[in-house]
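For reference, the structure discussed in these notes is given below.
The values are calculated or read from the model by the stated rules, or taken from the named source; none is laboratory data. Owing to the predicted nature of the structure, the values given are computational and were not obtained by experimental measurement. Cβ sites come from the backbone with ideal geometry, for glycine too, and all protein chains shown count toward neighbours.
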Amino acid sequence: MNIGFETLRWIGDCNGVLELIDQRLLPQRVEYLKCENPQTLFEAIQTLAVRGAPATGVAAAYGVCLGLRDFFDRASIRQAVEQVEKTTAYLATSRPTAVNLFWALGRMKKAAIQFAADNPNATIKTLKQFLLSEAKTIENEDKQMCLAIGRNGQPLIPDGGTVLTHCNAGALATAGIGTALSPMYLAHQQGKKFTVYVDETRPLLQGARLTAWELTQAGISAVLICDNMAASLMKAGKINAVFTGADRIAANGDTANKIGTLALSILCRHFRIPFYVAAPSSTFDLSIPDGSHIPIEQRQANEVRGFAGQTAAPANIIVYNPAFDVTDAKDITAIITERGVIHNPSADNIRRCL
């Protein structure tokens, strides 16, 4: 399925560059940010020029290639692997919550170590080519994952009904057509008629700036609302289902997602509305038993004091700005993955699926 834009793309050979849609500029301008080294990518991740758990993971995989881009070819394979280890350790400090970042970096590091063990006399160029191939494989897997989530979740989109989504879990958050928005894209392609209510998603308005832009680009009926309007819509019977993405899912199904997701899950429980989470298997962190172990990123105070350089609050006001909250598994109707739909998420149900 063609959505008309590429969230990220690698240009050139193993000494090429990574280009990212600079999501800080949307929807006013569509511009690509060129990353020629890990430092530029680090800043892009930290400042949300690229964001969304799957997209961040794919970008980080290419970031490992950037770490070797200007590495001198006369170095030993051991020195190159050490450089990979430095790059992965560095990029892992960019953001703490989304597990796909660490999953992709770990996979690239492991691949480099295994390649060096199997090919001790290989050239640096051969290692670069191998790692670029691995990063491209991660990108292609992400695209296929998005389509599979869409196929598995599409039957849950109510024909003639309405759904609500929070933040952005669409194509801009992945290398493909998204996670939470993927079922909507496929349902629209198949001729279903439905309307998507889009939470603006304070404080950075990813819903208003990104999701609303994506859906209108695709010709999907969308209505933008303030975050605090969801309850009144649900009470009025105007929401048939809620779809969100995820940044990390614990072994028991507790799910971290953009701040405000927890409130939606509680509202859905109260009004008996299905609450669906769409995420790939790489978003599951089976090393932690529940959501209390998920690290929650605290972001800059000025994101809440104002927006786009305009101040809306006293400059010295104390601000609490967590980027994510954790939804309890008991309030999730199902988790839609590329491997199937996990109804009534629990440790046992998740293990059976994954």
message: So for the stretch 87-105 (the condition being closer than 16 Å to Leu18 by Cα and free of Cβ contacts under 8 Å to residues at least 12 places away in the same chain), does at least one residue qualify?
response: no
Count of residues meeting criterion [surrounded by fewer than 20 Cβ atoms within 10 Å (Cβ to Cβ) and β-branched (Val, Ile, Thr)] in the stretch 147-167: 1
query: When residues of the stretch 250-301 are filtered for being farther than 27 Å from Lys235 by Cβ, aromatic (Phe, Trp, Tyr) and surrounded by fewer than 18 Cβ atoms within 10 Å (Cβ to Cβ), how many remain?
result: 0
statement: By residue number, the members of the stretch 141-168 that are touching a strand residue (DSSP E or B) at 6+ places or on another chain (Cβ under 7 Å) and not in a helix (DSSP H, G or I) are Ile157, Pro158, Thr162, Val163, Leu164, Thr165, His166, Cys167
query: On the given criteria, is Ile220 within 22 Å of Ile259 (Cβ to Cβ) and either outside any loop (DSSP other than H, G, I, E, B) or outside the structural domain of Leu25 (by TED's automatic domain parsing) (or both)?
result: no
message: Tell me yes or no: at least one residue of the stretch 122-140 is in a loop (DSSP other than H, G, I, E, B), assigned by TED's automatic domain parsing to the domain that holds Pro27 and more than 24 Å from Thr261 (Cα to Cα).
response: yes
field: From the options Asn316, Asn344, Asn349, residue that is surrounded by fewer than 17 Cβ atoms within 10 Å (Cβ to Cβ) and at pLDDT 95 or above
entry: Asn344
message: Can you name every one of the strands (runs of 3 or more DSSP E) wholly within the stretch 1-76 that holds 3 or more residues which are touching a residue at least 24 places away in the same chain (Cβ under 8 Å) and outside the structural domain of Ala169 (by TED's automatic domain parsing)?
response: 17-21
task: Could you look through the stretch 92-120, keep only residues that are under 13 Å from the mean Cα position of the chain (by Cα) and under 23 Å from Arg78 (Cα atoms), and pick out the one that is surrounded by the most Cβ atoms within 10 Å (Cβ to Cβ)?
output: Ala104
statement: Looking across the stretch 121-146 at residues that are over 17 Å from Leu8 (Cβ atoms) and of a type in the set (A, V, I, L, M, F, W, C), the single one that is surrounded by the fewest Cβ atoms within 10 Å (Cβ to Cβ) is Ala122
task: Looking only at the stretch 37-55, decide whether some residue is over 19 Å from Asp13 (Cα atoms), modelled with pLDDT of 95 or more, buried (at least 19 other Cβ atoms within 10 Å of the Cβ) and among the hydroxyl-bearing types (Ser, Thr, Tyr).
output: no
- prompt: If we scan the stretch 200-221, do we find a residue that is under 20 Å from the mean Cα position of the chain (by Cα), closer than 24 Å to Tyr320 by Cα and without any contact (Cβ under 8 Å) to a residue 24 or more places away in the chain?
  reply: yes
- prompt: When you look at Gly237, is it outside any helix (DSSP H, G or I), closer than 25 Å to Leu8 by Cβ, of a type in the set (Gly, Ala, Ser) and modelled with pLDDT of 95 or more, yes or no?
  reply: no
task: Answer yes or no: is there a residue in the stretch 78-97 that is out of contact with any helix residue (DSSP H, G or I) (no Cβ under 6 Å at 6 or more places or on another chain), part of a helix (DSSP H, G or I), basic (Lys, Arg) and over 25 Å from Asp285 (Cα atoms).
output: yes
query: Within the stretch 24-42, can one find any residue that is among the acidic types (Asp, Glu) and under 17 Å from the mean Cα position of the chain (by Cα)?
result: no
